[in-house]
1. Any idea which of K269, K338, K285 is farther than 28 Å from M198 by Cβ, in contact (Cβ under 8 Å) with a residue 40 or more places away in the chain and among the basic types (K, R)?
2. Among the residues of the range 77-106 satisfying the criterion of being without any contact (Cβ under 8 Å) to a residue 12 or more places away in the chain and more than 16 Å from the chain's Cα centre (by Cα), which is surrounded by the most Cβ atoms within 10 Å (Cβ to Cβ)?
3. Being small (G, A, S), out of contact with any helix residue (DSSP H, G or I) (no Cβ under 9 Å at 6 or more places or on another chain) and on the phi > 0 side of the Ramachandran plot narrows it down to one of G68, G107, G88, so name that one.
4. E304 - would you say it is within 24 Å of E173 (Cα to Cα), of a type in the set (D, E, K, R) and either in the same structural domain as H228 (by TED's automatic domain parsing) or more than 22 Å from the chain's Cα centre (by Cα) (or both)?
5. Filter the range 291-325 for residues that are part of a helix (DSSP H, G or I) and acidic (D, E) and give the result.
6. Of the conditions (1) of a type outside the set (S, T, Y); (2) surrounded by 23 or more Cβ atoms within 10 Å (Cβ to Cβ); (3) touching a Lys or Arg at 6+ places or on another chain (Cβ under 6 Å), G68 satisfies every one except a single condition; which number is it?
7. Somewhere in the range 168-180, is a residue among the acidic types (D, E), farther than 25 Å from A264 by Cα and touching a residue at least 24 places away in the same chain (Cβ under 8 Å)?
8. Given the condition touching a Pro at 6+ places or on another chain (Cβ under 7 Å), under 23 Å from F75 (Cα atoms) and either modelled with pLDDT under 95 or not acidic (D, E) (or both), answer yes or no: does some residue in the range 228-250 qualify?
Amino acid sequence: MSLRRALTLTSLVWVTAISAGHVYLNMEPEKWFQKEEERKMRIGFLPVTCHLTCPVTDFIDRETGGDGRFEPLRFSGWPELKEAFLSGHTRATFILAPMAIALREQGIPIKIVYLGHRDGTALMVGKDSDIRSIAGLRGKTVAVPNRFSNQSLLIFRALNNAGMSIDDIKLIEMPPPDMPAALYSKAVDAVTSGEPFMAQCELDGYGRVLYLTKDIWPNFISCVLAVHEDEIRDHPERVQTLVNGIANSGMWLEDGMDKRMAAASFVSKQYYNQDSRLLKFVLSKPPDRVKYDNLALQKENFEEIAELGKQSGILEGTVRFEDYVDLRFGAAAEKTKKAHDYGAEQAMKDLEGK
């Protein structure tokens, strides 16, 4: 064999090997011939307390059932999470309630099937700030995650109740992970987003809670679990299994502080890539700062969100509650939900073994 032919053959072997490796690592060929019902259900989430039931459900499912039935995918922000759902990469996602309604107005086949949590957000000001009430925000700069967040509607609602308007403050959009630094540097006067970013301001000593959402909007809803209508049509049993898991995980989290602290440990390490002190703080200071019981969908709550969204200009008001909500799965889950038979001690043992 000539040197040229040997080099050509060697090059072809290397190119083929590299290409095969690329296919194996990035294109998941083992899934090409799987039936849809055999694939794991991909669920989008962010590393925030509002989405805690997603990793808790997956963790317990894996520990009690082996490989697990779901594939939670962590995203760094709302744009990426939304695009993954729109592209079909995820079939279910935790998403901001107003954003889900807005997507439905745009013709996206999305249905809200359950809540992620209740309450769980704080409006923070600087520790030494002279702001003591909503009226004190007049002329101040307030940061919210984005205009489709319920935190934005929270500010809108609070200003209405105080006889003020959104024009009385400077409202800006900011990624939640950037908010603690912005408050610390006094680049903004107040911040509000999903936890644990607000807890970080408080825990590190430069932030003060002006209000918890339970004080100014009882049963505040930030995020919801939403599913693609094709998934509901083709695999309703899989959607029901997911909603049942979320409901039972919520009950587990409400079954004593030991469960919450165990969840803070394994979720921080395996899913959120955060210091567990943040989750431990927000899940206990106070214990009702965020709640995971009573996650059934209530029509009046969503109609208030829709009306506030229309008043603030982020929603058009062209869809009804029945257009963007499917009550069946939550209703069934509420009838059968119970705390997982999975203790906090067992969760910690499993965590230590990994």
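The values are calculated or read from the model by the stated rules, or taken from the named source; none is laboratory data. Bear in mind the structure is a predicted one, so any value in this text is a computation, not a measurement. Counting neighbours? That spans all protein chains shown, and the Cβs are built from the backbone with ideal geometry, glycine included.
1. Matching residue, one of K269, K338, K285: K338.
2. Ranking the qualifying residues of the range 77-106, first place goes to Q106.
3. Values: G68 fails: out of contact with any helix residue (DSSP H, G or I) (no Cβ under 9 Å at 6 or more places or on another chain); G88 fails: out of contact with any helix residue (DSSP H, G or I) (no Cβ under 9 Å at 6 or more places or on another chain).
Just one listed residue meets the conditions, G107.
4. Judged against the criteria, E304 is a match.
5. Correct list: E300, E303, E304, E307, E322, D323.
6. Result: G68 fails condition (2) only.
7. First, pick out the residues of the range 168-180 that are among the acidic types (D, E): 168, 173, 178.
Still in the running and farther than 25 Å from A264 by Cα: 168, 173.
Right, trim to touching a residue at least 24 places away in the same chain (Cβ under 8 Å) and you get 168, 173.
Within the range 168-180, one or more residues are among the acidic types (D, E), farther than 25 Å from A264 by Cα and touching a residue at least 24 places away in the same chain (Cβ under 8 Å).
8. Yes.
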